[in-house]
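For reference, the structure I am asking about is given below.
Coordinate-derived values only; no laboratory data. Since we're looking at a predicted model, the values are computed, not measured. Methodologically, a virtual Cβ is constructed for each residue, glycine included, from the backbone with ideal geometry; neighbour enumeration extends over all protein chains shown.
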Amino acid sequence: MAEVTKLVHKYLRHDKKFPHVWCPGCGNGIVLGAMIRAIDRLGYRKDEIVMVSGIGCSGRLPVYVDFNTLHTTHGRALTFATGIKLAKPELKVIVVMGDGDATAIGGNHFIHAARRNINLTAIIINNNIYGMTGGQYSPTTPYGMKATTAPYRNIEHAFNIAELAVTAGAVFVGRGTVYHARLLDKLVEKAFIKRGFGVVEVITHCHTQYGRRNRLGNAVAMMNWQKEHAVRVEKATEMSAEELRDKFTIGVLVDRELPVYTEQYNLVRQQARESIGR
Amino acid sequence: MARRRKKRPQLLQGNEAIVEGALVAGCRFFAGYPITPASEISEILAYRLPQVEGTFIQMEDEIASLGAVIGASLAGVKSMTATSGPGFSLMQENLGFACVAEVPCVVVNVMRGGPSTGLPTNPSQGDVMQARWGTHGDHPIIVLAPSSVQDSFDLTVKAFNFSERYRTPVIVLSDEVVAHTRETVLLPDPEEIEVLERITPSMPPEWYIPYEDTSRGVPPMGIFGDGYRYHVTGLIHDIRGFPTARADEIEPFMGRLFRKISQHFHDIQIVNQFMTEDAEILVIAYGSVARSARRAVLDARGKGVKAGLFQLVTLFPFPRRDLEPFLRQVRAVLVPEMNMGQISREVKRVNEGTTRVLTLNRIDGRMITPQEIYERLIKE
Ligand SMILES: Cc1ncc(C[n+]2csc(CCOP(=O)(O)OP(=O)(O)O)c2C)c(N)n1
Ligand code: SF4
Ligand SMILES: [Mg+2]
């Protein structure tokens with residue numbers, strides 16, 4: 001058996017009814033692959049992993065894999081994950097969200113989870129659109145593009161998810177694409193081992209909804225676009241603003257140390273016990 | 001907690017008694033967002049929970065609060081949140097999630113005047129129907145209404161027991177008067193209190209079918225991290241927990257959701273009866289209004305009117321079976337409430353024209369006094 005096939009068998013749920021819900025060519029499977037490879041390399045036990053998602057095409061990711069899995073409400077995945085992590089800090093809690101999920105309806109939870117530095121990994125699959133509901137514009141739909149709810153053009157300005165995470169206080173922030181698969185594997189692994197709130201924004205394509213409406217071609221064409229427009233953060237520092245105008249950076253945007261919530265709360269508990277003389 | 005163990009009278013307010021009840025029941029996780037008149041519950045638990053290895057967190061809003069509570073419960077910790085009307089509205093989406101995914105949790109709603117920001121510091125019973133039907137979709141729910149400080153303690157323990165036993169969210173519907181009244185209560189020794197734990201799977205993990213029907217209708221609950229890996233979702237799911245759109249899987253699932261509550265009505269439906277045996281006119285009341293009603297019944301009896309009080313402790317599932325015999329016995333029932341008639345609708349529904357249903361409503365942020373009820377009793 002090829003290595004990939006072996007991994008698939010090791011982690012996919014065998015009692016789950018297949019096929020999956022995604023369109024052929026969707027990038028979500030690549031993201032799931034990167035997560036499974038990182039989990040395998042790091043040697044995590046299946047029982048210690050909780051995979052939590054919101055609602056959307058991206059939200060369907062956990063159902064296929066053999067971990068403790070939780071498919072929450074739209075935008076709220078991080079809140080459920082916060083409860084799990086605080087109740088059982090020994091669990092490895094991984095949260096998967098869509099762009100709408102994480103930055104529209106769940107935007108408030110996202111910035112606060114980052115600010116608190118809760119020990120979680122957040123993987124945000126950014127396809128610039130509401131995929132599941134049929135191609136309405138999201139907070140990351142670029143200015144001027146079309147969506148079912150922006151039939152003329154989108155006049156809102158897009159969030160830069162990774163930079164939002166940096167500003168909100170995340171201790172690790174990476175951005176990758178589904179085209180740069182090897183980099184994505186590395187970013188996901190780094191985020192998993194990071195103590196504190198780690199974020200990986202994954203730029204991907206929704207050729208079915210976003211691509212078709214904006215004449216961006218099929219999945220392959222859209223992945224080529226990723227290849228041509230992504231610039232390594234290291235290289236970007238040497239480039240002019242003009243050169244970077246229609247580009248986005250990939251790689252590690254931030255990797256820093258800040259006190260981790262669960263550890264801090266343990267100190268609070270100690271203080272509380274001492275206050276009552278225990 | 002050690003210093004509270006001794007059984008001696010304590011002067012507590014309703015919100016404090018809720019905290020004591022929660023801690024005795026084994027609550028070790030609380031997530032909340034400040035709101036009057038429920039804030040004391042958060043404040044005291046922020047102080048107490050870390051003393052007993054528990055966790056308190058103030059979330060960014062009430063949606064997040066209930067999300068975190070559900071997450072903690074899935075990880076095996078008894079969990080609670082507390083709020084008031086505006087926050088309760090925000091919790092409705094995740095409340096439905098807890099119903100469908102069958103996650104035990106307790107939600108305290110200390111009612112204040114509404115709608116909207118309403119009357120933050122005034123009493124009301126305006127959220128009765130929100131507690132029953134607030135979340136979307138057809139679902140059963142358990143709602144308990146304390147009328148005193150003692151009740152606040154007892155019913156919080158009960159709420160945890162019901163939620164664990166039936167794997168369902170339970171709402172403690174308090175009101176501003178009960179929450180802030182100080183009364184002397186005698187809290188029982190923790191050893192004397194019945195505390196129930198959820199049933200967890202005992203079979204080998206490979207045999208575990210997470211949403212399989214049982215005789216009680218409540219499947220054992222796998223705890224995240226304990227070796228029973230399964231899928232939890234707000235989508236309607238098959239017995240393995242996977243989303244389904246098949247009618248032959250939806251129907252048994254929804255059926256079980258209702259049946260696990262209806263099959264245990266005798267356990268869940270709590271009422272307190274006072275002078276009802278020979279009553280000719282019955283007051284049906286709950287929450288702080290039941291206190292006024294009790295006084296009014298005594299006064300009416302003093303004037304020779306055969307009045308009685310039927311206090312609803314469980315509001316939902318509505319204690320229909322206990323009430324029905326009285327509807328045939330009395331010449332009228334009077335339902336006083338601090339809303340425009342939310343429980344009286346339920347009474348009329350089960351009454352089906354058997355007796356006269358009279359209402360007494362106040363929505364001006366004032367309590368219903370014993371005098372008001374008394375005057376109606378002697379007039380009828
Ligand atoms: C409270 C609520 N509002 C709206 C929806 C409908 N809804 C489902 S998925 C979705 C958007 C998904 O977009 P995104 O998060 O970007 O995920 P994608 O499908 O693109 O992966 C919406 C609006 C919902 N499920 N819940
Ligand atoms: S609609 Fe878009 S995001 Fe959803 S599965 Fe299809 S390609 Fe993927
Ligand atoms: Mg999207």
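Please compute the Kirkwood hydrodynamic radius of the range B:270-379 from all pairs of different C-alpha atoms, in Å with one decimal.
Evaluated on the range B:270-379, it is 13.5 Å.
I want to verify a result. In a Gaussian network model of chain B, Cα cutoff 10 Å, which of these has the top mean-square fluctuation: B:G87, B:G287, B:G304?
B:G304
A further question on this structure: I want to verify a result. In a Gaussian network model of chain A, Cα cutoff 10 Å, which of these has the top mean-square fluctuation: A:A181, A:A165, A:A102?
The residue that fluctuates most here is A:A181.
Rounded to the nearest 0.05, what FRET efficiency do B:E212 and A:R245 give with R0 = 51 Å and r taken as the Cβ-Cβ distance? Could you check?
E between B:E212 and A:R245, to the nearest 0.05, is 0.30.
Something else about it: Rounded, prolate or oblate: which fits the range A:204-262 when a ≥ b ≥ c are the square roots of the eigenvalues of the alpha-carbon gyration tensor, with rounded for a/c under 1.5 and prolate only if a/b beats b/c?
oblate
Considering the options B:F30, B:Y374, B:L358, tell which one lies farthest towards the positive end of the dipole of chain B, charges being +1 on Lys and Arg and -1 on Asp and Glu at the Cβ, about the Cα centre.
About the Cα centre, the residue reaching furthest to the positive side is B:Y374.
How large are Rg and Dmax for the protein assembly as shown when only the alpha carbon atoms are used, in Å?
Both quantities, over Cα of the protein assembly as shown: 27.3, 95 Å.
Near the amide H of B:L358, under 5 Å away, which other amide H atoms are found, from residues 5 or more places off or on another chain, if H is placed in the peptide plane?
Those qualifying (amide H under 5 Å, at least 5 residues apart or on another chain) are B:V333, B:L334, B:V335.
I would also like to ask the following. Note the angle between two axes, namely the Cα long axis of helix A:219-229 and the longest principal axis of the Cα atoms of chain A, as a number of degrees from 0 to 90, rounded to the nearest 10.
80
Turning to a different aspect of this structure: Each residue of the range B:316-331 in turn: what ³J(HN,Hα) in whole Hz from Karplus with 6.51, -1.76, 1.60 and θ = phi - 60°, glycine and Pro shown as x?
9, x, 4, x, 4, 4, 5, 7, 3, x, 6, 4, 7, 8, 9, 8
Charges at C-beta only: +1 for Lys and Arg, -1 for Asp and Glu. How large is the resulting dipole of the protein assembly as shown about its Cα centre, in Debye rounded to 20?
The calculated dipole for the protein assembly as shown is roughly 360 debye.
Ok, one more. Taking each pair of different alpha-carbon atoms in the range B:205-266 once, compute 1/r for the pair, average those values, and report the inverse of that mean as the Kirkwood hydrodynamic radius in Å to one decimal.
After inverting the pairwise mean of 1/r, the radius is 12.4 Å.
For chain B, taking Cα atoms only, what is the radius of gyration to one decimal and the Dmax to the nearest whole Å?
For chain B, the Cα radius of gyration and maximum Cα-Cα distance read 20.9, 69 Å.
Tell me the trypsin sites (Lys or Arg not before Pro) within the range A:144-211 that lie in a loop according to DSSP and have at most 15 other beta-carbon atoms within 10 Å.
A:R153, A:R195
While we're here: Are any of the pairs A:K194/B:K78; A:K88/B:K78; A:K146/A:K227; A:K88/A:K190 more than 18 Å apart by Cα-Cα distance, and if so, which?
Beyond 18 Å between Cα atoms: A:K194/B:K78; A:K146/A:K227; A:K88/A:K190.
Please enumerate, by chain and number, the lysines with C-alpha under 25 Å from the C-alpha of B:K303, excluding those fewer than 8 residues away in the same chain.
B:K379
Give me a comma-separated list of calculated 3J(HN,Hα) values for the range B:113-127, in order, Karplus coefficients 6.51, -1.76, 1.60 applied at θ = phi - 60°, integers in Hz, x for any Gly or Pro.
Rounded to whole hertz, the list is x, x, x, 6, 4, x, 10, x, 10, 10, x, 6, 10, x, 9.
Further question on the same structure: What does the helix-only formula give at 222 nm for the protein assembly as shown: each DSSP H stretch with n ≥ 4 adding -39500 (n - 2.57), the total divided by the residues, and the result rounded to the nearest 500 deg cm²/dmol?
That comes out to -11000 deg cm²/dmol.
Dividing the alpha-carbon Rg of chain A by 2.2 N^0.38 Å yields what?
1.02
Next question, about the same structure. Using a 10 angstrom cutoff on alpha carbons, build the Gaussian network for chain B and name the most mobile of B:T200, B:T135, B:T168.
Result for chain B, Cα springs under 10 Å: B:T200 fluctuates most.
If you consider only alpha-carbon coordinates, what radius of gyration and Dmax does the range B:10-192 have, in Å?
Both quantities, over Cα of the range B:10-192: 14.5, 43 Å.
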